[in-house]
Amino acid sequence: MEFTLSLILQFFILGAVTLILSGLITFLFPKIPLSVLILLSSMAGYIFTASNQLHGIIITVSILNPLLALTASWIVNYAQFIKRTAERYNDATV
């Protein structure tokens, strides 16, 4: 029971760190290709599951972790798009 709760907490932390770092990388370095971000987050998921010897869920985590990275990247890009659109709208109405 304790091991299971520890793993759940570790997976939650992995997901949170993936979201934060992916969003930060997308915001600070917008020229980095999305494929690099996907590869890095997939590798992080693989390393995490392999280090915890959870060989049965390596593929699942290696797929879900990049989805979190894509979500963070999409949120940052969408926020930047909204900001540009609002600035363009404000410039047009003044």
Inset, instruction - Could you please give the count of residues in region 18-32 that are assigned to a helix (DSSP H, G or I), touching a helix residue (DSSP H, G or I) at 6+ places or on another chain (Cβ under 8 Å) and surrounded by fewer than 16 Cβ atoms within 10 Å (Cβ to Cβ)? - result: 2
Legend entry - Only one of Gln80, Gln53 that is in a loop (DSSP other than H, G, I, E, B), out of contact with any Lys or Arg (no Cβ under 6 Å at 6 or more places or on another chain) and surrounded by fewer than 15 Cβ atoms within 10 Å (Cβ to Cβ): Gln53
Inset, instruction - Please list, ordered by first then second residue, the pairs with beta carbon atoms under 7 Å, 6 or more apart or interchain, first in region 57-79 and over 15 Å from Leu34 (Cα atoms), second at pLDDT 90 or above and hydroxyl-bearing (Ser, Thr, Tyr). - result: Ile57/Thr49; Ile58/Tyr46; Ile58/Thr49; Val61/Thr49; Ser62/Ser42; Ser62/Tyr46
Legend entry - Meets criteria (modelled with pLDDT of 95 or more and either within 16 Å of Gln10 (Cα to Cα) or not basic (Lys, Arg) (or both)) for Tyr78: yes
Legend entry - Search result, residues across region 22-42 that are free of Cβ contacts under 8 Å to residues at least 40 places away in the same chain and under 18 Å from Leu64 (Cβ atoms): Leu34, Ser35, Leu37, Ile38, Leu39, Leu40, Ser41, Ser42
Inset, instruction - For Ala92, indicate whether it is out of contact with any His (no Cβ under 6 Å at 6 or more places or on another chain) and at pLDDT below 90. - result: yes
Inset, instruction - Could you tell me which of the residues Ser41, Ser6 is in contact with a Pro (Cβ under 7 Å, 6 or more places away or on another chain) and either surrounded by 11 or more Cβ atoms within 10 Å (Cβ to Cβ) or at pLDDT below 90 (or both)? - result: Ser41
Legend entry - Condition met for Ser35 (surrounded by 12 or more Cβ atoms within 10 Å (Cβ to Cβ), polar (S, T, N, Q) and assigned to a helix (DSSP H, G or I)): no
Legend entry - Filter result for Phe48 (loosely packed, with under 14 Cβ neighbours inside 10 Å, aromatic (Phe, Trp, Tyr) and at pLDDT below 95): no
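The values are calculated or read from the model by the stated rules, or taken from the named source; none is laboratory data. These numbers come from a predicted model, not from an experiment. Neighbour counts are summed over all protein chains in view; Cβ atoms, including those assigned to glycine, are modelled from backbone coordinates with ideal geometry.
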